[in-house]
């Protein structure tokens, strides 16, 4: 009795405390009082795209909160939407007219409007794409390396005057039309008429952008997309449908997106998204949920109904420090490639959510599969074969010293010198990554290679990744599914364009493969990397990719581990149905707020 | 003047020591995070900088260093550079000086990881939840635990023989494991209570009955997960204190004098409670760690996770802000309890007086 | 000696010591009779069967093998932390209590400092500045170095109350040095008390390690009972009803801590005659 | 007329394993109004247990075995603890504890403890009345009443503290007071002032009948009318003060007197343990005379025969061979 009374008392006291403080917790961004809640039948709950407290909704900030960050396009929209399934570009603010190695032409949709009624114009486009010319630290400065100029002309678009934008490839710069396409679907257009006066108002122009970046832009933001922010707290972000969204008429045949509200709850632990999904409190979640098949009975579904459940998008790899003995030895690297039990990695570390990996770093499925060559893979690639690994090592003079119980003690090389124990650096606490490392260590040791786990705090991990201060490191390069794949993956792994010695920073090829000027330097690699983006002939492109992939397989500068779904999500059809799936592919397997995946919002239906 | 007033002397003496502790703690809190090798800007660059060219990444990095006040700038706001062209780092001492000045102005700085959010703003958002969960739990856990413990000590017999091992067992369970079990049984299997969150997913905090009802419903499991184990632990402590007090002369005498039973129980409770009170104030600091786990297990809003991510990301201003908060509240709690005990227990005051401190 | 006999007569002591002995047995003899293989051997989260009596964990490792090595780690951390906390705490506590005055005040200040700086903050900061990362020993050290304040406070009170006893005054008059007095005249009187503090510190060391691992700050390359629970939570063992991933570890932690608590209270009963009645 | 009658009182402790340990056996005596009875004996002889029995205060594991205690004809046996507490303790029979005791709650002011004493036994009475009553009573003691009443026990000297205890114990004018070594652990001057206070109260008729338990036989000789000697839970001899001190008949009394009176002649350190051997364990009492093992005049049959009270030389003696 006493316990119960106390519990009741406790609750009432807590309530009083809450009462005292409530209101501080949440920022309401418009006058409307939403405390009555959001009707379930009008609300879509999505999760997994925002971790941590939402701090800023400023599209000019470096890392704003969902849905302003990354390539989410429900509030601010890009010119084009990339469809990861077809590899095509679908229109949003603009329509792709042509693309070649010199320029990309896009026509702005004349109907496009900001939420304050002003039209979206070439001024807005130029504002964001060329902001780097005025402010070096702008988030889009790097675009200038790829686009030298944006030409504007007037055209007639179905009887309406429209602006045509020609993005000229920066030949003197990176000369890379592929990345220009990345930029056109990645950079979201922001209202220049909102930001220009703010920038101009600041006296010290060297400080202007950084001052503006500090603004949160969280109250009645001027957006062009179908939803806008109405409220947020550390527990959730709430978007409301803009019923006057220009695209409803212009792009979606006059229909409105089905959910009136989109709520993104912010949980502190991965499994809470899973629980919410199974309870039907969450409709879709971009979180890693192990053993998804167990959740099917709770109505949790995926793109494929069966294994591998998701469409792969990225390849996590173990980067090898190519400047450090014995990874300087190609034979050693290749032996490592043969030593890995790729199947175990896939099954145990990623719950089997991917098809079997094929040698090389061109994916054997999806858009890039057209560049994949199975013959080469069989001929040059490394697959799991511990005996082969041992054979290569023996041939190269390495010897594994075993302990009495048969387990590995150490290794010596041809000169009888002890090979140092190698450590795989990996952030501690990233459970799936930790699992990958544990399994690879076991594989290596079974093949007689002296490798150990080297878990570190995430802070140290990020610090040492670019400086090359490690033997082996787990890393997922080119992690976003973009039009420039698989080129961007090769670039991230093999490019010696910015080669820097260990201790200095490199943002790609952190394993420091192919050191310019060194004995084994292969100029072919960099020249292929440079030329591939400019090739428009498919057959020539195929040959170039094939050549590059063979070099990769022969040299094995890094160890690809498995295919991993990217931009994946699982959904529950308890409240909303008609999610796109393999059998109902009206939209690609992209998040409902990314690229062409946004079509999903117009096609959802309420469950009966 | 203090010489004539032992109470004032006692208070001022305690206050002086607490203030000194505070100063040392603030200094340690400032320098400790900076001893590590990880650099906050590297962590941010790890996320922002991928795919950037070396030059672009360097520019970005320098603009962060400048923004966070980690490097020296000249009057024009340009970076000072050494011969090798690298920015000149601001010394820790100089940063400390700036930090102290800012603290006095009530500004705890801007968080690095939650840029551009102010530290005070982060604390203001999260603290009410932490307080709302922790304070009632601690107070009621303490009161209930101590009452039951005192009762067990006084009554002994069957009540004690059942109560004591149960309390002992409950307080042996790691409380996060207990929280997990609560989730497993009451949220997942039985579905009586929500598994996570601070209020229903379709609500926004406001002054409405709906919100408070929802908050109360979501409060139950996190509350129980801390309350039961806290109460169990307190009860055990109180029971043995109580049995100890029960054997003291004054309790025997009170019985000989025929003092009423509830009065004797009150004597017992009050005197046995004093050390328990000190113990509670002392353990407040370690409860922060506990709060963090509760927040993790229940996805409950609060300050704990903010501290964890801050420390992991070397977010100096946020670490400093949070540790300052913890330091101040633990010291204030201890100081209050010290003073309170000074008033409640004349032995303490007398001891202080006689010790000549 | 007589106290020891009394202790052996106390049924609750026998219960506690028995339980504790069982866990030690499990940890020490376990690896001798049971094949410990922490490598991946089977599928993820296989339910208990005849091969894996308690099933497998998320990486397909035998749960019993995990529990045995986890228990060893937890006991190691517990004893390491307990020893450090007790030794440091006892020394400083005795010294502060005996000396009094400004030395007492300074030690008290240091004690308070450790109370206001959360352990896990120190842990992350220290581990991030060490190249080897977080080993089990480091965690034990840090727990010990941050929890000694409890022993110090407890012992200080005892020592202060002994200070005014006749035999100590006598020793002082006879010119015995502080150290001699502490070791010869104070420590023996509080030895049983210190031992009880030690028991509690071991228990709290085991719990602390579990909590630290639970936040994901556990040892990098070692299995402990805390990391088992952390793995279970992060891999949705709860949501999927994989009870064998977290129930046994919880039960073992609870059992050790319970055993230690019971030993402590039964000793309290024997050493403190007032509780004996 | 007898105010206080004790009839064959036996008490025992019950161990956890159900074993009965006799602590007091077959104690009988009566006291008249105004009588002062001294009780002496070695420590552990059951004096303190007897005190609890005399007040009817049976706190487990202490239980009455048999016999009766009557205050003004009113039996204390078979009554509820609440009844005893309300009607007997402090009111009819009060207790002055040992001087070495920290008898007062350290966190309560003297006046509050005294007020608790009153309110625990009497209905009503507002604060002011109670305060007045305390003041007038404490004024009798010739101390700084205001200071004492408003102090916490720790702020008082040992003497002030013990006198406050006596003041509180006798606040309700009990018929009978049991003083259990009220001056132990006090220095000589303080001892004197405490004793003076007790007799002052007797003079002022605050109470009149008293059992005085002490080691200080010389003191007993001066203040007590009768003296009883206790050994291993039994009264072994009881007579007038003169008889016991100057003409002891029981071998134990004789030995005790030898040890104690020599102590009066300047050898204060010497304790009654000067008698060879130790008293028998209460858990394992001999079948015959309990003193037999240490008795200088022991005869073989002593170990077999249970000794009963006899009247020898005008006083009660529990020895078959005392003359």
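The values are calculated or read from the model by the stated rules, or taken from the named source; none is laboratory data. This is a predicted model, so every value here is computed, not measured. Neighbour counts are summed over all protein chains in view; Cβ atoms, including those assigned to glycine, are modelled from backbone coordinates with ideal geometry.
Laid out as a table, the results:
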{"quantity": "Meets criteria (touching a helix residue (DSSP H, G or I) at 6+ places or on another chain (Cβ under 8 Å) and either more than 14 Å from chain A (Cβ to nearest Cβ) or modelled with pLDDT under 80 (or both)) for residue C:121", "calculated": "yes"}
{"quantity": "Boolean, residue B:330 is under 30 Å from residue A:50 (Cβ atoms), within 9 Å of another protein chain (Cβ to nearest Cβ), out of contact with any strand residue (DSSP E or B) (no Cβ under 7 Å at 6 or more places or on another chain) and in a helix (DSSP H, G or I)", "calculated": "no"}
{"quantity": "Qualifying residue in region C:263-270 (condition: at the interface with another protein chain (Cβ under 10 Å from one of its Cβ atoms), touching a helix residue (DSSP H, G or I) at 6+ places or on another chain (Cβ under 6 Å) and closer than 21 Å to residue A:434 by Cα)", "calculated": "no"}
{"quantity": "Pick from region A:246-273, criterion within 18 Å of residue A:74 (Cβ to Cβ) and within 14 Å of another protein chain (Cβ to nearest Cβ), ranking: farthest from the chain's Cα centre (by Cα)", "calculated": "A:260"}
{"quantity": "Subset of region B:201-240 [without any contact (Cβ under 8 Å) to a residue 24 or more places away in the chain and more than 7 Å from every other protein chain (Cβ to nearest Cβ)]", "calculated": "B:209, B:213, B:214"}
{"quantity": "Residue list for region A:367-385, restricted to those being free of Cβ contacts under 8 Å to residues at least 24 places away in the same chain and closer than 16 Å to residue A:554 by Cβ", "calculated": "A:375, A:378, A:379"}
{"quantity": "From D:164, D:136, residue being at negative phi, in a helix (DSSP H, G or I) and without any contact (Cβ under 8 Å) to a residue 40 or more places away in the chain", "calculated": "D:136"}
{"quantity": "Within region C:87-102, considering residues that are modelled with pLDDT under 85 and away from every other protein chain (no Cβ under 11 Å), the one nearest to residue C:140 (Cα to Cα)", "calculated": "C:97"}
{"quantity": "Qualifying residue in region A:409-431 (condition: in contact with a helix residue (DSSP H, G or I) (Cβ under 8 Å, 6 or more places away or on another chain), within 14 Å of chain B (Cβ to nearest Cβ), more than 23 Å from residue A:287 (Cα to Cα) and at pLDDT 90 or above)", "calculated": "yes"}
{"quantity": "Any hit, region A:165-176, residues being buried (at least 22 other Cβ atoms within 10 Å of the Cβ) and within 14 Å of another protein chain (Cβ to nearest Cβ)", "calculated": "yes"}
{"quantity": "Those residues of region B:63-78 which are within 11 Å of chain A (Cβ to nearest Cβ) and surrounded by 16 or more Cβ atoms within 10 Å (Cβ to Cβ), in sequence order", "calculated": "B:63, B:64, B:66, B:67"}
{"quantity": "Boolean, residue A:225 is assigned to a helix (DSSP H, G or I), farther than 30 Å from residue A:351 by Cα and in contact (Cβ under 8 Å) with a residue 40 or more places away in the chain", "calculated": "no"}
{"quantity": "Of the criteria (1) more than 24 Å from residue B:265 (Cβ to Cβ); (2) free of Cβ contacts under 8 Å to residues at least 60 places away in the same chain; (3) over 16 Å from the mean Cα position of the chain (by Cα), which one residue D:124 fails", "calculated": "(1)"}
{"quantity": "Entirely in region D:47-132, the helices (runs of 4 or more DSSP H) that have 3 or more residues that are touching a strand residue (DSSP E or B) at 6+ places or on another chain (Cβ under 8 Å)", "calculated": "D:47-54"}
{"quantity": "Count - residues of region A:177-214 that are assigned to a helix (DSSP H, G or I) and within 12 Å of another protein chain (Cβ to nearest Cβ)", "calculated": "13"}
{"quantity": "Among residues of region A:97-124, those that are assigned to a strand (DSSP E or B) and either in contact (Cβ under 8 Å) with a residue 24 or more places away in the chain or closer than 26 Å to residue A:312 by Cα (or both), counted", "calculated": "9"}
{"quantity": "In region A:585-608, residue farthest from residue A:86 (Cα to Cα) [restricted to those that are more than 16 Å from the chain's Cα centre (by Cα) and not in a loop (DSSP other than H, G, I, E, B)]", "calculated": "A:606"}
{"quantity": "Every residue from region B:133-155 that is farther than 15 Å from residue B:232 by Cα and in contact (Cβ under 8 Å) with a residue 24 or more places away in the chain", "calculated": "B:133, B:134, B:136, B:154"}
{"quantity": "Number of the condition not met by residue D:37 [criteria: (1) crowded, with 17+ Cβ neighbours inside 10 Å; (2) modelled with pLDDT under 90]", "calculated": "(2)"}
{"quantity": "Residue within region B:197-209 that is over 26 Å from residue C:210 (Cβ atoms) and in a helix (DSSP H, G or I) present", "calculated": "yes"}
{"quantity": "Filter result for the condition that a residue is modelled with pLDDT of 90 or more, closer than 25 Å to residue A:483 by Cβ and surrounded by fewer than 19 Cβ atoms within 10 Å (Cβ to Cβ), over A:98, A:115", "calculated": "A:98"}
{"quantity": "Selection within region A:497-508 - touching a helix residue (DSSP H, G or I) at 6+ places or on another chain (Cβ under 9 Å) and within 11 Å of chain B (Cβ to nearest Cβ)", "calculated": "A:497, A:498, A:500, A:504, A:505, A:506, A:507, A:508"}
{"quantity": "Checking residue A:475 against (1) more than 14 Å from chain B (Cβ to nearest Cβ); (2) closer than 23 Å to residue A:70 by Cα, the condition it does not meet", "calculated": "(1)"}
{"quantity": "Number of the condition not met by residue A:207 [criteria: (1) surrounded by fewer than 24 Cβ atoms within 10 Å (Cβ to Cβ); (2) farther than 25 Å from residue A:569 by Cα; (3) modelled with pLDDT of 90 or more]", "calculated": "(3)"}
{"quantity": "Scope region A:520-541; condition in contact with a helix residue (DSSP H, G or I) (Cβ under 9 Å, 6 or more places away or on another chain), in a helix (DSSP H, G or I) and surrounded by 12 or more Cβ atoms within 10 Å (Cβ to Cβ); matching residues", "calculated": "A:524, A:525, A:526, A:528, A:529, A:531, A:532, A:533, A:534, A:541"}
{"quantity": "Filter pass, residue A:276 being away from chain B (no Cβ under 14 Å), in a helix (DSSP H, G or I) and in contact (Cβ under 8 Å) with a residue 60 or more places away in the chain", "calculated": "no"}
{"quantity": "Residues (more than 7 Å from chain B (Cβ to nearest Cβ), at pLDDT below 75 and surrounded by fewer than 22 Cβ atoms within 10 Å (Cβ to Cβ)) located in region C:127-142", "calculated": "C:130, C:131, C:132, C:133"}
{"quantity": "Helices (runs of 4 or more DSSP H) within region C:206-277 that include 3 or more residues without any contact (Cβ under 8 Å) to a residue 40 or more places away in the chain, on the phi < 0 side of the Ramachandran plot and buried (at least 22 other Cβ atoms within 10 Å of the Cβ)", "calculated": "C:225-234"}
